[in-house]
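Below you'll find the structure, written out as C-alpha cells, and then a few comments.
What follows draws every value from the coordinates through simple rules; no lab data is involved. In this text, all values refer to a predicted model and were calculated from it rather than measured experimentally.
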Amino acid sequence: MGDLITMDDLSNEEIIQILDDANILLPVARGEIYLPLLEGKVLGNLFFENSTRTRMSFETAMKRLGGEVLNLSSIGSSVAKGETLYDTMQMVDGYSDIAVIRHPNQGAAQYSADAVDIPILNAGDGAGNHPTQTMLDLFTIRESHGSLEGLNVMMVGDLRYGRTTHSLSHALVRFGAKLTLVSPKSLKMPSEIVSDLKNHGGEINETEDMASSIDSADVIYMTRIQKERFPDEEEYTKVAGIYKLNANDIEGAKSDMIVMHPLPRVNELHASVDSTKHAKYFQQAFNGVPTRMALLCRGLGVKVPRKVK
Ligand code: NCD
C-alpha cells in the first residue's frame, strides 16, 4: 500500500501533496520545532550499499518526528553469512513498521516489497530507480523555480547507470519538462527509458555536448560516473572525468538557473561552482530531511497537519 518503488507509484497530485507536506515540515526538519508525529514507530534502515545522505537523512527525518530507527548494513549483519534477502526481510517485517532499502541489484526493492507486509521505500536499487531522491530533487526545483511545470532541464554524466536520473527524468516529463540528456555514447540513457519519456510526451534531446545547452537551462543536474556499476575498469577509465563543470562554464547561464547534484561528486562538479548563486546541491541534500519526513508519514498513513506552530 504505502510502498514507493518507482515514480509510477505516485500520481502527479500525490507528488504535489508530498512536496506541500514537506514544506510544512521544514521547521521540524531544521530542528526548530519538535513534532512527534511518528512516536512509537520504528523505521528499518537497510543499506546493502554505501550511503551518506540517504541513510542519514532518513534517520534524522524519523528521529525529528519522534520515531526510532534500526540500522542494518551488509557489514556486521548475517547478510555477510549468506542470509538471503527474503529471510532478512522476514526479520525486518517483524522488527519495524516501515523499511527503507538500498541494494546493488535492480529489482531488489520490489522483491522486498513483495516479501513483506510493511511499506517499503526504495532508496536505490542498482542501476534502477531512486524515487525518494527524485522527491527531494523535485522539492529543490520547486523551491527555486516556484513550480515544476515546463522547465528546461539538462542531465549530465552517467545516464546509463545513474538511477537518480532514471527516476527524475520520468517525473519531470510528467510535469512537461524539456530534457537535454548529455552523456558519452557508452553512457546514454537506456533506450527503454527514453521511449517511456517520449510516450509521456517528453521533448528529449540527446547529445554528447554539455556546453551548448547551458545558457538555456533552468536546471543543470550533474551526476557522478557510477564506477561501481562498470563491468570492467578499463571501460570506466575511458569515460572518467569526461564532463567537468566549473564556474566559468556557467557565466552566461540564466540568472535563476540552478546547479544540482545528488552527490557524492568526484570531479564532474568543480568546487568553484560552490560560491556561485547557482549552486543548490548542499541545500538539495538538506531537503532530503523534510521530503523524507513527508514520505515516512505517507508510508505509515500519518496525516501531516496543514500548519505546524
Ligand atoms: C546517488 C545514488 O546513490 O544513486 N546518491 C544519493 O543517493 N545521493 C548518486 C550517486 O551515488 O552517484
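A few notes on this one:
- Summary value for the chain: 21 percent relative contact order, contacts being C-alpha pairs under 8 angstrom separated by 6+ residues.
- Remark: for residue pairs LYS63/LYS307; LYS227/LYS254; LYS63/LYS178; LYS198/LYS277; LYS63/LYS277, the C-alpha separation exceeds 30 Å in LYS227/LYS254; LYS63/LYS178; LYS198/LYS277; LYS63/LYS277.
- Averaging Cα coordinates gives a centre for region 5-30 and one for region 46-114; these two points are 21 Å apart.
- Taking region 131-285 and dividing mean pair separation by its residue count, relative contact order in percent (alpha carbons under 8 Å, at least six apart): 24
- Backbone amide hydrogens, once placed in the peptide plane, bring LEU121 within less than 5 Å of LEU4, ALA99, VAL100, ILE101, excluding anything fewer than 5 places away on its chain.
- Relative contact order %, region 65-215, counting alpha carbon pairs below 8 Å whose residues are six or more apart: 16
- Dividing the summed helix terms, -39500 (n - 2.57) for each DSSP H run of n ≥ 4, by the number of residues in the chain produces a 222 nm estimate of -10500 deg cm²/dmol to the nearest 500.
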